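The block underneath contains the structure these notes are about, expressed in structure tokens.
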Protein chains: 2
Amino acid sequence: MATTMNDERQPNARDLQRLETRRALAEQAIRLFGERGFDQTTVEEIAASAGVSTRTFFLHFPTKAAAAFPDHGERVDDFVQRLNSGDPFVQPLSQLRSVLLARIDTTSPSRLARYALLSRVPELRDEDARTDRDYEEAIAGFLVLHWGSSPEAVVRANAIANAVIGVVRATLSAAGEHGIDARAVTAEILGRLLGVPLDEPLHSVQPNRKPPASPI
Amino acid sequence: MATTMNDERQPNARDLQRLETRRALAEQAIRLFGERGFDQTTVEEIAASAGVSTRTFFLHFPTKAAAAFPDHGERVDDFVQRLNSGDPFVQPLSQLRSVLLARIDTTSPSRLARYALLSRVPELRDEDARTDRDYEEAIAGFLVLHWGSSPEAVVRANAIANAVIGVVRATLSAAGEHGIDARAVTAEILGRLLGVPLDEPLHSVQPNRKPPASPI
DNA sequence: CCATGTTGGTACAGTGAGTGCAGTTAATAC
DNA sequence: GTATTAACTGCACTCACTGTACCAACATGG
């Protein structure tokens, strides 16, 4: 349900300890995955590099691959919050579109580097796809909220959620891999998929609707 | 490279034996996954039910989950062949579109039942997503073949491949789960994504291009 | 400041997926 | 008929991941 509830407290010494352990585990995991490869890295090594026991690793991450995505939960929560915090009179697809594009615009170079790692390591790509399902569910839920939960609406919502996530993943991973600007392609394809709202003209996108020309 | 080479032979007794073992393994795996659930089924049990040793299972399938998709390779090969066997003067996106819709039209009820199982079992859904990457690569390769391999074309091809597979997966799984007709929604969204070719008017699709109305 | 509950971490034993390797047997090729 | 191949087996091994009992440090409330 993506609880955006504020269950904040003053962080204890214990909280800080826990956070630091988690951070160290993720750091060492990402480092070792990059250096030796995913399969050549054991959880035992990650834990030892972070200075904790193997068992502790699994108190922080459910799987070996999950350590490469330490902030996944927060990012999904943030995404959901942005989706739902828009002007309620804006068309939901427009809202979705602008949240997605904003997210691409604010993707840090370090995060892009992570995407580049992702596309090179199949196991991490799998994990990435798995985590993307949280976004799909968020998007589908958001659309169903506006469209109602008739079977047709649900199918439509899921189809669009899947498509949209597919586009973003592909363009972001290309951006990480080849340094390409993800925004233009994403905006163009999202425009076709979700409709091009008139209030935000796109930069480098043709007027649309002509048979998509070969990009050469 | 999806070798569509004909390396056919007369199947001898050994081939038949191998095929039969593989078939029995897949059958028992699917049965047990459905009856007990994925996690509650061990490879040892699958192998025993099929009357072979545990080791033999892994001579036929690389992972436990793969046994639920025994004909994956052939289906991908078939898909690639259909993609490339079209009229070379047809726009590639139109070709892609009609191959995808044809595939949905020819999805057997038994296969739909499998999709329903998929959407209930998270581990199998993961495996499905993993196998879908073969389709993504096939589609992206097909598009790059027509568009050239400039970075922009590659990004575009990958983005569209991801989106298209996402749509098909969502609609097929909804069709399996709720018995909904996958074709209409797929055709509509693919139409928006890939362009609606004039030579094949769609059934239940609005003229497109107006802001996508709430389906309620 | 002490008693008491809480919690992050550890040690250990276990399950099960997946692999490498060295056979065995039976069909096939020559 | 003999040599070869290939499907299958048995066994030992690695490693991801889990359940459980435990400890030690910290938090909390009087």
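Side notes on the structure shown:
- Annotation note: Cβ proximity below 9 Å between a residue of the stretch A:52-68 that is assigned by TED's automatic domain parsing to the domain that holds A:A26 and a residue that is among the hydroxyl-bearing types (S, T, Y) and within 11 Å of DNA strand C (Cβ to nearest atom) (sequence gap 6+ or interchain) occurs for A:V52/A:T21; A:T56/A:T21; A:L59/A:T21; A:H60/A:T21.
- Residues being crowded, with 19+ Cβ neighbours inside 10 Å and of a type in the set (V, I, T) - total across the stretch B:122-149: 1
- Restricting B:S85, B:S108, B:S94 to residues that are in the same structural domain as B:I165 (by TED's automatic domain parsing), touching a Pro at 6+ places or on another chain (Cβ under 9 Å) and of a type outside the set (K, R) narrows the list to B:S94.
- Among residues of the stretch A:179-196 being facing chain B (nearest Cβ under 7 Å) and in a loop (DSSP other than H, G, I, E, B), the one that is farthest from the chain's Cα centre (by Cα) is A:G195.
- Among the criteria (1) within 8 Å of DNA strand C (Cβ to nearest atom); (2) part of a helix (DSSP H, G or I), the one B:T21 does not fulfil is (1).
- Test: residue in the stretch B:2-17 that is in contact (Cβ under 8 Å) with a residue 60 or more places away in the chain, of a type in the set (A, V, I, L, M) and away from DNA strand C (no atom under 14 Å from the Cβ): yes
- Set side by side, the residues B:A24, B:A48, B:A67 differ, and just one is surrounded by 13 or more Cβ atoms within 10 Å (Cβ to Cβ), touching a Phe, Trp or Tyr at 6+ places or on another chain (Cβ under 9 Å), modelled with pLDDT of 95 or more and not charged (D, E, K, R), which is B:A67.
- From the list B:T42, B:T56, the lone residue that is of a type in the set (S, T, N, Q) and touching a helix residue (DSSP H, G or I) at 6+ places or on another chain (Cβ under 7 Å) is B:T56.
The values are calculated or read from the model by the stated rules, or taken from the named source; none is laboratory data. Quick caveat, the model's predicted, so the values are computed rather than measured. Reconstructed Cβ throughout: ideal geometry from the backbone, glycine too, with neighbour counts over all protein chains shown.
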